[in-house]
Amino acid sequence: MSKKRVAILISGRGSNLQALLNAEQDAYEIVLVISNVPDAAGLERAREAGVDALTLDHKLYGKDREAFERDLDNSLVLRDIEIVALAGFMRVLTPFFVRAWAGRLVNIHPSLLPKHPGTKTHERALAAGDTEHGATVHLVVEEVDAGEIIGQASMPILPSDTPETLAERVLQLEHELYPRCLAQLARKIS
Ligand code: GRF
């Protein structure tokens, strides 16, 4: 079976991108990284790994989200991308893009979904008195953070934990979880 051609969408530091690049890419191959933020640190990580890295600045499109996504989609189609993985990509995608990539669009979220969709997940896990926390890799659907779960990694919340310590430990889990789930998806789709 040939490796699936993967694009990673980022907006920032790209530590998950780095984990995906470092992992053994036997089921997938990262061939493209796109950032919607110029100078995102993750772009440099991609270039150092010899992967094509582009900026598509959403600000240039004003309020026209779909125009931004049409150009994004064109860049992906032009390179024969088969799977799109969001890794700290801070734009909500419209139904246009989500439908175009249904079943092949995946995201990592720093909570044990369905708990704590959206932002500030570590603060909310603490405020809710949760005893465990973690990360989820899921397919992207129109409703934010609500798609089919591919995999999760969990850990206990300690009495001494703060949002910062949780963020640090969850990120470590993410770096192990994402490559495993992406490989799983790549093996599953035809
Ligand atoms: C991660 O916590 C991920 O779960 C969330 O955004 C963060 C991205 O971090 N979606 P990085 O850019 O991969 O370091």
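The values are calculated or read from the model by the stated rules, or taken from the named source; none is laboratory data. These figures come from a predicted structure and were not determined experimentally. When the accessible area is computed, the model is the full protein with side chains, heavy atoms only, and any ligands, DNA or RNA have been set aside. Shrake-Rupley method; radii C 1.70, N 1.55, O 1.52, S 1.80 Å.
Kirkwood analysis of the Cα pair distances in the chain returns a hydrodynamic radius of 16.9 Å. Once all protein chains are placed together, His175 keeps about 50 Å² accessible to a 1.4 angstrom probe.
Of Tyr28, Tyr61, the residue with the largest accessible area leads and the full order is Tyr61, Tyr28 (1.4 Å probe). Residues Leu17, Leu171, Leu158, sorted by accessible area with the largest first, give Leu158, Leu171, Leu17 [1.4 Å probe; ligands and nucleic acids excluded]. For the chain, the solvent-accessible area with a 1.4 angstrom probe is 49 square angstrom per residue. Share of carbon and sulfur in the accessible area of the range 40-190 stands at 53%, probe radius 1.4 Å.
Once all protein chains are placed together, Glu123 keeps about 80 Å² accessible to a 1.4 angstrom probe.
Between 0 and 90 degrees, the angle of helix 163-188 with respect to the longest Cα principal axis of the chain falls at about 50 degrees. Within the chain, what percent of beta bridges assigned by DSSP are antiparallel, to the nearest 5? Around 40 percent antiparallel, to the nearest 5.
Entry note, the chain: the mean residue ellipticity at 222 nm calculated from DSSP H runs of n ≥ 4, each adding -39500 (n - 2.57), is -11000 deg cm²/dmol after division by the residues and rounding to the nearest 500. Report the accessible area of Thr55, computed with a 1.4 Å probe over the heavy atoms of all protein chains in place, in Å² rounded to the nearest 10. Only protein atoms counted, so the area is about 60 Å².
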